[in-house]
Amino acid sequence: MKEITPQSSFSVIEECWRHRKLYIIGLSIGTFIAFTVSFLTPKEYASFAKLSDEHIDSDILIGLDAMTAQLRNMEPKDLGTNSPIVYGMILHSKDFLKALAKSRIYDKRCTYQQYLGIKDINACIDAIKTKIKYKIDEKRYIITIRMTDRNPLVAAHLMNSILSLLHHKISQNKGIIIQAQVDQTKKEKDKALEIYQDAQKCYDTYFDAHFETSLPSEKKMITYLNSEKIRTQLLYNKKQEQYNRALALQQKPIYPFSILQSPTVAIKPFRPNVIVYIVTTDIILFIFLSWFILGRKTYQQFLKG
């Protein structure tokens, strides 16, 4: 087998350089074809929005001393529905896409489904899903949403509809969670009140019946019942505090996310990218021409023996 030397490598480059006119003609034709294809391809415009989550809610510190309030603020926060990851899941959910399909495009005086001309709602949902893309920055809790359409005004309008629907959906979900917390804390408060009232009744009844007792066992029972009354009262006060905090939290306005970048109307098309078309076509043609030139040269040398 013939060893590959720097001279043989130089010969490859020299052989390609010798056919430089063929490269120039081929790449010129490829550039023209790529430019023509990109020109004839329907243009798509993109509207972008960048959101940041609002998961750090200031706690309601009603009835808490300074130390307890500080410790509560130092507790790790549960993101819950306030997370860009959840936002992305909502964006591609069937209910969300169906609501977007039914949203109206006022410039066109029709729904988005009618604008797309797709009668079947499931096919329409699949088509819309391909138009909505998102990218999540998990370190900074930022999500970038992209909506594409052949009409830049429609793309921007739909992005506004996406933000509106997303805000409504997250606020609704968070409202349900907060209401569940209110219901749960109220249930626990009522139960704690019932236990406290029973403990107070037991203490009052026993104390009234053994007010002048001198028996150690009865005095011990009075002390025990009094401690139970105090314990259940403290428990009730704690549950009442939690219920008041849940009610106060329910009254706070819900801010699911902050808009870092508002949707704008695109001026330049997002697709097709003429540069990408030309570079891709020229690379493929260059590889093909090089394979053809060197392959033919190798075959000629083989015939010569």
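The values are calculated or read from the model by the stated rules, or taken from the named source; none is laboratory data. Computed from a predicted structure; not experimentally measured. Neighbour counts run over all protein chains shown; Cβ positions are idealised from the backbone, glycine included. Surface areas here come from the heavy atoms of the whole protein model, side chains and all, with no ligands, DNA or RNA. Shrake-Rupley method; radii C 1.70, N 1.55, O 1.52, S 1.80 Å.
Here are the numbers for this structure:
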item	result
Among (1) under 20 Å from THR185 (Cβ atoms); (2) open to solvent by 90 Å² or more (accessible area, probe 1.4 Å) - the single one ASP208 does not satisfy	(1)
Extreme residue, least open to solvent (accessible area, probe 1.4 Å), among residues of the stretch 93-102 that are farther than 21 Å from ILE136 by Cβ and within 21 Å of the chain's Cα centre (by Cα)	ALA101
Unmet criterion (only one of (1) out of contact with any helix residue (DSSP H, G or I) (no Cβ under 8 Å at 6 or more places or on another chain); (2) of a type outside the set (D, E, K, R); (3) surrounded by fewer than 16 Cβ atoms within 10 Å (Cβ to Cβ)) for GLN179	(1)
Residues of the stretch 146-183 that turn out to be in contact (Cβ under 8 Å) with a residue 24 or more places away in the chain and either of a type in the set (S, T, N, Q) or closer than 30 Å to LEU235 by Cβ (or both), as a count	13
Subset of the stretch 249-285 that is in a helix (DSSP H, G or I) and touching a Leu at 6+ places or on another chain (Cβ under 7 Å) - its residue that is nearest to LYS174 (Cα to Cα)	ASP282
Selection count, the stretch 208-224, where residues are of a type outside the set (Ser, Thr, Tyr) and within 22 Å of LEU235 (Cα to Cα)	2
Tally of residues being touching a Ser or Thr at 6+ places or on another chain (Cβ under 7 Å) and either among the acidic types (Asp, Glu) or closer than 18 Å to ILE170 by Cα (or both) across the stretch 87-102	1
The stretch 152-188, residues that are touching a Phe, Trp or Tyr at 6+ places or on another chain (Cβ under 7 Å), at pLDDT 90 or above and not β-branched (Val, Ile, Thr)	PRO152, ALA155, LEU158, LEU165, LEU166, LYS186
Subset of the stretch 288-305 (residues that are surrounded by 12 or more Cβ atoms within 10 Å (Cβ to Cβ) and in a loop (DSSP other than H, G, I, E, B))	none
Residue check for TYR141: aromatic (Phe, Trp, Tyr) and touching a residue at least 40 places away in the same chain (Cβ under 8 Å)	yes
Test: residue in the stretch 144-165 that is open to solvent by 70 Å² or more (accessible area, probe 1.4 Å) and among the acidic types (Asp, Glu)	no
Residues being under 27 Å from the mean Cα position of the chain (by Cα), open to solvent by 80 Å² or more (accessible area, probe 1.4 Å) and not basic (Lys, Arg) - total across the stretch 249-287	7
Some residue of the stretch 203-226 being assigned to a helix (DSSP H, G or I), under 52 Å from the mean Cα position of the chain (by Cα) and charged (D, E, K, R)	no
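Here is a yes/no grid of residues against (1) touching a helix residue (DSSP H, G or I) at 6+ places or on another chain (Cβ under 6 Å); (2) open to solvent by less than 10 Å² (accessible area, probe 1.4 Å):
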position: LEU91; (1), (2): no, yes
position: GLN114; (1), (2): no, no
position: ASP120; (1), (2): no, no
position: TYR141; (1), (2): yes, no
